[in-house]
Amino acid sequence: MTDKPPLKPRSFAAPLGDLRGRGLFWLRLVWRIAGRAVLQLRAVSPALPPAKPSAAPIADPDQVIEALQTGEVDFLVGLGPEFAASIDAQSGQPWLFHAIDLGSLASLHWFLAQGVDLASRDKAGRLPLQAAVERAAAVDEFDDAPEDPLALIDALLEAGAQINAASAQGLTALHVAAALGLLDVVTLLLERGADANLRDEGFAGSTALDYAVQARQEAVAEVLRAEAP
């Protein structure tokens, strides 16, 4: 009886090659949406520089987070208008971005009523409008009974957020929405005047269509192709 030849090990070259080709793209997206993770982790990092809140220190940050999540406007009023421009001393994240990431329209309206700067960026370099777009991507993953994420985006636009403004990474809200495959968000942004032909300012000079194609978001790509010159 002859011994059977040893089985040839399965080659992983092809799938690894595909991963290498797309790895950089996904790494770009992962760190851009890391602002959402702050809400789950909320750990104090010794590497963070000292926060410089413009309001008095918050006695119970977790209570503030709960109020932002549930839209307890009376609680926010009690913190005073200066709270709207202040920073969470634990995470170094502006409270405005916590409100957006938590997805409460009532809380966001309170911040907007205080005249917050919609050109300000969070610790990850995001603008409020891009944070609202990323919130829309997180709805199915984290929420049981989410509010309409489009309402957050619309509220920011109505308050004067610049639709084609770029984040610190050079991305517009449309770039982010296209890469994440958010068809409803892409449609809303286009209706409100987003420029589909703008190229990102930080990576490969890609358009929103390029991001949609690279992320294999075909439905979004189809809409964006109609906007191409």
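The values are calculated or read from the model by the stated rules, or taken from the named source; none is laboratory data. All values derive from a computational prediction rather than experimental measurement. No Cβ is skipped: glycine too gets one built from the backbone with ideal geometry, and neighbour counts run over all protein chains shown.
Taking residue 200 as the residue in question, decide whether it is closer than 15 Å to residue 127 by Cα, in a loop (DSSP other than H, G, I, E, B) and acidic (Asp, Glu). Please lay out each step first, then the result.
Working: closer than 15 Å to residue 127 by Cα: yes; in a loop (DSSP other than H, G, I, E, B): yes; acidic (Asp, Glu): yes.
Judged against the criteria, residue 200 is a match.
When you check residue 89 against the structure, is it surrounded by fewer than 20 Cβ atoms within 10 Å (Cβ to Cβ), more than 22 Å from residue 160 (Cα to Cα) and hydrophobic (A, V, I, L, M, F, W, C), yes or no? Talk me through it step by step, then tell me what you get.
Values: surrounded by fewer than 20 Cβ atoms within 10 Å (Cβ to Cβ): yes; more than 22 Å from residue 160 (Cα to Cα): yes; hydrophobic (A, V, I, L, M, F, W, C): yes.
Yes.
Does the range 76-103 hold any residues that are hydrophobic (A, V, I, L, M, F, W, C) and under 23 Å from residue 148 (Cα atoms), and which are they? Working first, answer last.
Let us first name the residues in the range 76-103 that are hydrophobic (A, V, I, L, M, F, W, C), namely 76-77, 79, 83-85, 87, 89, 95-97, 99-100, 102.
Listed by number, the residues that qualify are 76, 84, 95, 96, 97, 99, 100, 102.
Does residue 128 qualify as being of a type outside the set (D, E, K, R), under 28 Å from residue 177 (Cα atoms), modelled with pLDDT of 95 or more and touching a strand residue (DSSP E or B) at 6+ places or on another chain (Cβ under 6 Å)?
Details: of a type outside the set (D, E, K, R): yes; under 28 Å from residue 177 (Cα atoms): yes; modelled with pLDDT of 95 or more: yes; touching a strand residue (DSSP E or B) at 6+ places or on another chain (Cβ under 6 Å): no.
No, not satisfied.
Does the range 47-62 include one or more residues that are modelled with pLDDT of 95 or more and assigned to a helix (DSSP H, G or I)?
Start the filter on the range 47-62 by keeping residues that are modelled with pLDDT of 95 or more, which leaves none.
No, every residue in the range 47-62 fails to be modelled with pLDDT of 95 or more and assigned to a helix (DSSP H, G or I).
For the structure I just gave you, tell me whether residue 224 is touching a helix residue (DSSP H, G or I) at 6+ places or on another chain (Cβ under 8 Å), on the phi < 0 side of the Ramachandran plot, surrounded by 15 or more Cβ atoms within 10 Å (Cβ to Cβ) and assigned to a helix (DSSP H, G or I).
Details: touching a helix residue (DSSP H, G or I) at 6+ places or on another chain (Cβ under 8 Å): yes; on the phi < 0 side of the Ramachandran plot: yes; surrounded by 15 or more Cβ atoms within 10 Å (Cβ to Cβ): yes; assigned to a helix (DSSP H, G or I): yes.
It is true that residue 224 is touching a helix residue (DSSP H, G or I) at 6+ places or on another chain (Cβ under 8 Å), on the phi < 0 side of the Ramachandran plot, surrounded by 15 or more Cβ atoms within 10 Å (Cβ to Cβ) and assigned to a helix (DSSP H, G or I).
Taking the condition under 20 Å from residue 100 (Cα atoms) and aliphatic (A, V, I, L, M), does residue 186 pass? Quick ask: steps written out before the conclusion?
Numbers: under 20 Å from residue 100 (Cα atoms): yes; aliphatic (A, V, I, L, M): yes.
It is true that residue 186 is under 20 Å from residue 100 (Cα atoms) and aliphatic (A, V, I, L, M).
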